[in-house]
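For reference, the structure is listed below as structure tokens.
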Amino acid sequence: MPLDAARTFELPKDAIANLSRRYSRVRGHTLSLTEPLSAEDQVVQSMPDASPVKWHLAHTSWFFETFILTLHAADYRAFDPAFSYLFNSYYEALGARHPRSARGLLTRPPLSSVLAYRAHVDDAMARLLDYDQAPDVVDLITLGLAHEEQHQELILMDILSLFAASPLSPAYSQDPPRPALARRPGVSVFLAGGLVEIGARGEGFAFDNEAPRHQVFLRPYRLASSLVTNGEWLDFMADGGYRRPEFWLADGWALIQQEGWAAPLYWREVSRGWEVVGLAGARALDPKAPVEHLSFFEAAAYAAWAGKRLPTEAEWEHAITHMPDSFDQVDDSLWQWTSSAYAPHPGFAPAAGAVGEYNAKFMIGQMVLKGGAAITPKGHSRPAYRNFFYPHQRWMFSGLRLAEDADVSPLEDDEFRAAVIAGLGAPRKRLSAKWFYDREGSALFESICDQPEYYPTRQEMALLATIAPLIAKHIPPDATLVELGSGASLKTRRLLDATSRITGYAPVDISESALATGARDIARDYPYLEVTPIIGDFSQPTTLKQLGKDLAEDLGSGGAKVVFFPGSTIGNFSSADIVAFLSDYRQLLGSRGLFIIGVDLAKDAETLEAAYNDREGVTAAFNLNLLARINREADGGFDLSKFAHRAVWNALEGRMEMHLQSREDQTVSAAGRSFQFVSGETIHTENSYKFTRPGFLALARRGGWRLIEDWTSSAPAFSTFLLAADSAG
């Protein structure tokens, strides 16, 4: 693992104060890694890419001696001048060095001398750290500790390479760090892409190759929530993956022919199947564990075989930082190959002096890996971290996460800002209710559903508990359930528990956080389901296009498609919009389509207004959060205390209305514009139409649907309609 020069960032005061303790902890951990090893284990070099453990122990001490003590400790005396030749790695500016490929020939100095060297350096560093140090010295020490953590990982990589070459297959440990398993069934997570930022954020330590932070344009894509497993790799092998040149890059194909590769590194075929040599010795292959010790060529070939691709570095980093809860095995399993060449970020400049030499000159011919491995020291990695290796190398703990293109983006990057400008600039200010549902808004809505005044969720859940088996009788085998506005997917469980005929589930929601959590939980609790979450506004053509593609490809085309639209969200649409909405989904689902839809029925104003004005003020907080979102995402300057939540029944229109009412005359900035409010003026944020049974069925018929059956709860009345595509539609 290469040493990168540090990009200097200001360290927190507590980090500076604890630097001495951190130094002792990191250096001590390196020695603890050698405890299971004999002196002989620490001398041998298994291959030119690896180094003996003894060399790692000396080289990491050489770093502190060369870059810190020699320059910044006036009374320091070198332990042995010959060590500057023996234990220099790649620094041309620091003179000649012993060849890397011959490090295993260094039987002298003995291990005891190397350990004495470490103690000598540690004593001098302890004296240096008794005093305050200049920021540049602190930066170098911090860099040295990060460098040592890299070599801690290299020690385990190189020991495994050495032990795997032995016919005895010795175990380094009976309980070594193991790559984490996926916590839930894998799904393909949609990301809208657009203009995003990657790179070091300027907070705390980072290597110089992580900077500068910069913008990258990403097309819409999908990224797997988990890593490829051994079981999946066996399928690749069984299908001739190592024998079929169509999957391989030319250099990769030439390599596997030359080397005779037929399986990942450290795999052995034995009489009872496959076993894998790891730090615990030879063990039977676990099909659920992530496949490891792959070269870039192997990872790319598997992706081609699977009809996918490797993610770019920017795609991986954006996904992990943007939707962290959606992905497993990020930094606790294996480093993950990307399709990105290791090259400087735009605007990169190497650090001055010898310490910056190594990184810049190796930015060619290698590929970037992201994440972290089980053997990576805790806290060492971060999303911007850039590991890199040559495409043919595979002794590191490396695996792969698949990606693929998505045709369209459900949400344009600037759509929210544009909606703010258009809505607040209108003569009668209004914003669409869909903008309620960011992370905070989605959580608040879940809380609204628990309020005693808010009857729709309570009544619908009770109704579904009774009628789910009745609905299930109408669902054909091998059906795909598409839930619109899925949120936490709680109501879906009523249907899934009532029938095994649903084999695919496509939740659609505008809130990325709610979608990720709901899809993850459903995939975990119903492992037989193929779960394909889709982020977007389910009423928009772009989302419909993506949904249609997923229904045709990802979820198959054999079974019927059933749309589940609970919660009476249909009430947010006008009559004309309802007809258009239902017509669009009639066309999408085809003649076999079914539509399960929740509808809130008209009732007395007192019940309705109480439901939207709960005593705990949760609905008010939900409404006001829209202004907070404008502040967060559209450079808004709203003072939430100067606006009041207002919810009223509009009997003439047959709808509940929610508004945000200005308490005074004021001017507010948002999205680069200024907007005037007079006292009492409102932003209209939501309509919730209430229906009669005949009135809703008339709209459904106009939208191309016919009634199969409907059910109504006890008061306060809420209905569920089961509709089928009208053959005349």
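The values are calculated or read from the model by the stated rules, or taken from the named source; none is laboratory data. It should be emphasised that the depicted structure is a prediction, and the values quoted were computed from it without experimental measurement. Here Cβ is always computed from backbone atoms with ideal geometry, including for glycine, and neighbour counts include all displayed protein chains.
Just name the residue that is surrounded by the most Cβ atoms within 10 Å (Cβ to Cβ) out of those in the stretch 332-361 that are in a helix (DSSP H, G or I) and among the aliphatic types (A, V, I, L, M).
If we take residues in the stretch 332-361 being in a helix (DSSP H, G or I) and among the aliphatic types (A, V, I, L, M), then 355 is surrounded by the most Cβ atoms within 10 Å (Cβ to Cβ).
Take residue 67 and tell me if it is in contact with a helix residue (DSSP H, G or I) (Cβ under 9 Å, 6 or more places away or on another chain), under 17 Å from residue 51 (Cβ atoms), of a type in the set (Phe, Trp, Tyr) and not in a loop (DSSP other than H, G, I, E, B).
Values: in contact with a helix residue (DSSP H, G or I) (Cβ under 9 Å, 6 or more places away or on another chain): yes; under 17 Å from residue 51 (Cβ atoms): no; of a type in the set (Phe, Trp, Tyr): yes; not in a loop (DSSP other than H, G, I, E, B): yes.
For residue 67, the condition - in contact with a helix residue (DSSP H, G or I) (Cβ under 9 Å, 6 or more places away or on another chain), under 17 Å from residue 51 (Cβ atoms), of a type in the set (Phe, Trp, Tyr) and not in a loop (DSSP other than H, G, I, E, B) - is not met.
Which of the residues spanning the stretch 463-502 are among the β-branched types (Val, Ile, Thr) and more than 17 Å from residue 599 (Cβ to Cβ)?
475, 480, 482, 492, 499, 502
Scan the stretch 98-127 residue by residue and report those that are more than 41 Å from the chain's Cα centre (by Cα), buried (at least 20 other Cβ atoms within 10 Å of the Cβ) and over 14 Å from residue 61 (Cβ atoms).
Once the filter is applied, which keeps residues that are more than 41 Å from the chain's Cα centre (by Cα), buried (at least 20 other Cβ atoms within 10 Å of the Cβ) and over 14 Å from residue 61 (Cβ atoms), the stretch 98-127 yields nothing.
Looking at the stretch 243-267 only, could you name the residues that are surrounded by 14 or more Cβ atoms within 10 Å (Cβ to Cβ) and within 27 Å of residue 283 (Cα to Cα)?
256, 261, 263, 264, 265, 266, 267
Looking at the stretch 690-727 only, could you name the residues that are farther than 19 Å from residue 564 by Cα, touching a Ser or Thr at 6+ places or on another chain (Cβ under 8 Å) and of a type in the set (Ser, Thr, Tyr)?
Listed by number, the list holds a single entry, 727.
Return the residues of the stretch 663-687 that are more than 14 Å from residue 420 (Cα to Cα) and touching a helix residue (DSSP H, G or I) at 6+ places or on another chain (Cβ under 7 Å); say none if nothing qualifies.
663, 664, 666, 686, 687
What single numbered condition from (1) in a helix (DSSP H, G or I); (2) without any contact (Cβ under 8 Å) to a residue 60 or more places away in the chain; (3) within 28 Å of residue 203 (Cα to Cα) fails to hold for residue 127?
(3)
May I ask you to say which residue of 139, 130 is at pLDDT below 95 and crowded, with 16+ Cβ neighbours inside 10 Å?
Only one candidate passes the filter, namely 139.
I'm trying to understand the selection: among the residues of the stretch 454-467, which are surrounded by fewer than 18 Cβ atoms within 10 Å (Cβ to Cβ) and either in a loop (DSSP other than H, G, I, E, B) or of a type in the set (A, V, I, L, M) (or both)?
Across the stretch 454-467, the qualifying residues are 461, 462, 465.
Give the residue that is surrounded by the most Cβ atoms within 10 Å (Cβ to Cβ), with candidates limited to residues of the stretch 418-453 that are of a type in the set (Lys, Arg) and in a helix (DSSP H, G or I).
Among residues in the stretch 418-453 that are of a type in the set (Lys, Arg) and in a helix (DSSP H, G or I), the one surrounded by the most Cβ atoms within 10 Å (Cβ to Cβ) is 434.
In the stretch 480-535, which residues are in contact with a Ser or Thr (Cβ under 6 Å, 6 or more places away or on another chain), among the small types (Gly, Ala, Ser) and either farther than 25 Å from residue 322 by Cβ or assigned to a strand (DSSP E or B) (or both)?
Across the stretch 480-535, the qualifying residues are 504, 506.
Would you call residue 182 part of a loop (DSSP other than H, G, I, E, B) and either of a type in the set (Phe, Trp, Tyr) or under 30 Å from residue 518 (Cα atoms) (or both)?
yes
Can you name the condition, by its number, that residue 489 falls short on among (1) surrounded by fewer than 22 Cβ atoms within 10 Å (Cβ to Cβ); (2) more than 19 Å from the chain's Cα centre (by Cα); (3) in the same structural domain as residue 587 (by TED's automatic domain parsing); (4) of a type outside the set (A, V, I, L, M, F, W, C)?
(1)
Does the stretch 54-72 hold any residues that are over 15 Å from residue 147 (Cα atoms) and buried (at least 24 other Cβ atoms within 10 Å of the Cβ), and which are they?
Here is the first cut: in the stretch 54-72, the residues over 15 Å from residue 147 (Cα atoms) are 54, 69-72.
Within the stretch 54-72, just 54 meets the criteria.
Quick test of your reading of the structure: residue 115 fulfils all but one of (1) of a type in the set (A, V, I, L, M, F, W, C); (2) assigned by TED's automatic domain parsing to the domain that holds residue 228; (3) in a helix (DSSP H, G or I). Name the failing condition by number.
(2)
Pick from the stretch 131-154 the residues that are among the acidic types (Asp, Glu) and touching a helix residue (DSSP H, G or I) at 6+ places or on another chain (Cβ under 8 Å): which of them is farthest from residue 57 (Cα to Cα)?
Initially, the stretch 131-154 is screened for residues among the acidic types (Asp, Glu), giving 132, 136, 139, 148-149, 153.
Subsequent filtering for residues that are touching a helix residue (DSSP H, G or I) at 6+ places or on another chain (Cβ under 8 Å) retains 148-149.
On the way: 148: 9, 149: 12 Å.
Ranking the candidates gives 149 first.
Would you confirm, using the coordinates I've provided, whether residue 368 is touching a residue at least 40 places away in the same chain (Cβ under 8 Å), touching a Phe, Trp or Tyr at 6+ places or on another chain (Cβ under 9 Å), more than 30 Å from residue 236 (Cβ to Cβ) and of a type in the set (A, V, I, L, M)? Quick ask: steps written out before the conclusion?
Details: touching a residue at least 40 places away in the same chain (Cβ under 8 Å): yes; touching a Phe, Trp or Tyr at 6+ places or on another chain (Cβ under 9 Å): yes; more than 30 Å from residue 236 (Cβ to Cβ): no; of a type in the set (A, V, I, L, M): yes.
For residue 368, the condition - touching a residue at least 40 places away in the same chain (Cβ under 8 Å), touching a Phe, Trp or Tyr at 6+ places or on another chain (Cβ under 9 Å), more than 30 Å from residue 236 (Cβ to Cβ) and of a type in the set (A, V, I, L, M) - is not met.
If you check every pair at least six apart or on different chains, which have Cβ atoms under 7 Å apart with a residue in the stretch 513-539 that is under 19 Å from residue 439 (Cα atoms) first and a residue that is at pLDDT 90 or above and among the hydroxyl-bearing types (Ser, Thr, Tyr) second?
Sorted first by the residue in the stretch 513-539, then by its partner, the pairs are 522/492; 522/505.
Any residue in the stretch 58-80 that is out of contact with any Ser or Thr (no Cβ under 7 Å at 6 or more places or on another chain), under 30 Å from residue 167 (Cα atoms) and modelled with pLDDT of 95 or more?
yes
Take the residues of the stretch 365-381 that are surrounded by fewer than 20 Cβ atoms within 10 Å (Cβ to Cβ) and not small (Gly, Ala, Ser): which is farthest from residue 143 (Cα to Cα)?
Once the filter is applied, the top-ranked residue is 366.
Name the single residue that is nearest to residue 625 (Cα to Cα) among those in the stretch 437-464 being polar (S, T, N, Q) and under 28 Å from the mean Cα position of the chain (by Cα).
First, pick out the residues of the stretch 437-464 that are polar (S, T, N, Q): 442, 447, 451, 457, 459.
After this cut, where a residue has to be under 28 Å from the mean Cα position of the chain (by Cα) as well, the list is 442, 447.
Working: 442: 10, 447: 14 Å.
Among those residues, the one meeting the criterion is 442.
Scan the stretch 280-331 for residues that are charged (D, E, K, R), part of a loop (DSSP other than H, G, I, E, B) and either over 19 Å from residue 185 (Cα atoms) or in contact with a strand residue (DSSP E or B) (Cβ under 9 Å, 6 or more places away or on another chain) (or both) and jot them down.
Listed by number, the residues that qualify are 286, 288, 292, 308, 331.
Of the residues 171, 164, 180, which is at negative phi, surrounded by 21 or more Cβ atoms within 10 Å (Cβ to Cβ) and either polar (S, T, N, Q) or in contact with a strand residue (DSSP E or B) (Cβ under 8 Å, 6 or more places away or on another chain) (or both)?
Testing whether each residue is at negative phi, surrounded by 21 or more Cβ atoms within 10 Å (Cβ to Cβ) and either polar (S, T, N, Q) or in contact with a strand residue (DSSP E or B) (Cβ under 8 Å, 6 or more places away or on another chain) (or both) leaves just 164.
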